[in-house]
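Each remark here refers to the structure printed beneath this line.
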Amino acid sequence: MRYSFLAAGALSGVLAFACLGQAPVKKGNPSVKMQPYGKMPDGSEIDLYTLTNVAGMQAGIINYGGAVVTLAAPDKSGKFADVVLGMDTLAGYMQEPNYFGALIGRYGNRIGHATFKLEGKTYTLPKNNGENTLHGGNAGFDKRVWKAREMSTANGPAVELTYVSKDGEEGFPGTLTAKVVYTLTDANELKIEYTATTDKPTVLNLTNHSYFNLAGAGVGDNLQHQVMINANQFTPVDEGLIPTGELKAVKGTPFDFTKLTAIGARINQDDQQLKFGKGYDHNWVLNKRMGAMGKAAEVYEPKSGRVLEVFTTEPGLQFYTGNFLDGSVTGKGGIAYPMRAAFCMETQHYPDSPNQPKFPSTELKSGQTYHTVTTYKFSAR
């Protein structure tokens, strides 16, 4: 069944796309460049894989947490800038609490009360977000060392990451083998393909937690970015940001992004849901057939002209506006990231699905294959 559902690393060449700067990129043959990024306390080596496509776009990915550490995209004048928040060193990624660019698992988003039942058995998870479990627990996939392999595909350069999560890790049942392939296509798309199998029933919800600022990482806030989300409904939450189980129409609410609308246009409205999330931190129910690849969202940044389009086979999209960034984290180039310095577009199944029988199931059984695809496409106008 297929689910369409040394602690400091050195700066790399791709990291030369400083938060405020721009760098020339040579166009030509696509390539994958691997270089050392640092070592874990146990001596495990971490490498940086820089993917470059024919247009000169670049993506830097490390095998610690599978994090996208840089993503250099052109503006309307053809000038490149890094458009994802992150850190300058491996130590920074190990210490920071915001999941910059990371692969998230076993369960992206929240599981209410850190517990769920599966086939009659109750499983207890770590409480790392109040009374709830967030992004897989205390040591989710974002804090694991993945096995990496360079690839060359017909669509562009790629890196394949594999991780085996043991039965009981962070409280989740089953030994799970997860594989994620990042491909930087010649159409300026970062394609992320997720595949997984398990030896006994488990729950699974994989995603990527990149923080985007299309003006450039560290350049202002996200309030002028214009967003379209292809969804007529969203899942309201309680004070702990756990879905109530309702699917609510976006029409007439601050959650209506069916047309391009600036993030800042309604984010400060007197709305209970916005108060719970300190802004947008909610799941939208995408207008498409379950498992089919379709357009989930579009974001436009007026000054640079950069456009981000999100396509996915997943049924939901968590739109998060960086509400819990507070300036305490110093990122790339020594720049502190204040509140709303970026936004996330996390494709996913719905939060707390294991406890919400009316939501699409996230159960994965032995003999089944979990498979989802998300593509982030960049252009300018």
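The values are calculated or read from the model by the stated rules, or taken from the named source; none is laboratory data. Fair warning: this is a prediction, and the values are worked out from it, not measured in the lab. Don't worry about glycine lacking a Cβ; one is built from the backbone with ideal geometry, like all the others, and counts go over all protein chains shown. For the accessible areas, the whole protein counts, side chains as well, though only heavy atoms, and no ligand, DNA or RNA atoms are used. Shrake-Rupley method; radii C 1.70, N 1.55, O 1.52, S 1.80 Å.
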Using packing as a proxy for protection, rank 99-105, 46-52 so that the peptide with the highest average count of other Cβ atoms within 10 Å comes first.
99-105, 46-52
From the residues G120, L184, G86, which one has its Cα farthest along the dipole of region 59-203 in the positive direction, the dipole being from +1 and -1 charges on Cβ of Lys/Arg and Asp/Glu about the Cα centre?
G120
Quickly rank 331-342, 259-270 as a protection proxy: mean count of other C-beta atoms within 10 Å, highest first.
331-342, 259-270
Per DSSP H run of n ≥ 4, the term is -39500 (n - 2.57); total these for the chain, divide by its residue number, and report the mean residue ellipticity at 222 nm rounded to 500 deg cm²/dmol.
-500 deg cm²/dmol
Starting from the Cα of K278, draw a straight line to each of the aspartates and glutamates and keep only those under 14 Å, dropping any in the same chain fewer than 8 residues away.
D238, E239, D270, D326
What net charge is computed for the residues neighbouring P338, neighbours being all others with C-beta under 10 Å from the C-beta of P338, Lys and Arg scored +1, Asp and Glu -1?
-1
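Report the antiparallel proportion of the DSSP beta bridges in the chain as a percent, rounded to a multiple of 5.
DSSP beta bridges in the chain are roughly 95 percent antiparallel.
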Please say if region 145-276 is rounded, prolate or oblate, where rounded means a/c under 1.5 for a ≥ b ≥ c the square roots of the C-alpha gyration tensor eigenvalues, and otherwise the choice is prolate for a/b larger than b/c and oblate otherwise?
oblate
Pairs of lysine in region 52-203 with Cα under 20 Å and at least 8 positions apart or on different chains: total?
16
Could you rank the peptides 160-169, 115-124 by their average count of other C-beta atoms within 10 Å per residue, with the highest value first?
160-169, 115-124
Would you mind working out the magnitude of the charge dipole of the chain relative to its Cα centre, with +1 at each Lys and Arg C-beta and -1 at each Asp and Glu C-beta, to the nearest 20 Debye?
720 debye
Of G216, S165, N205, farthest towards positive along the dipole that unit charges on Lys, Arg, Asp, Glu beta carbons give region 135-223
S165
Quick one: dipole size for region 124-163, taken about the Cα centre, charges +1 on Lys/Arg Cβ and -1 on Asp/Glu Cβ, in debye to the nearest 20.
120 debye
From highest to lowest solvent-accessible area (probe 1.4 Å; ligands, DNA and RNA excluded), T183, T153 read T153, T183
Dipole in debye (nearest 20) - region 230-381, about Cα centre, beta carbon charges: Lys, Arg +1; Asp, Glu -1
580 debye
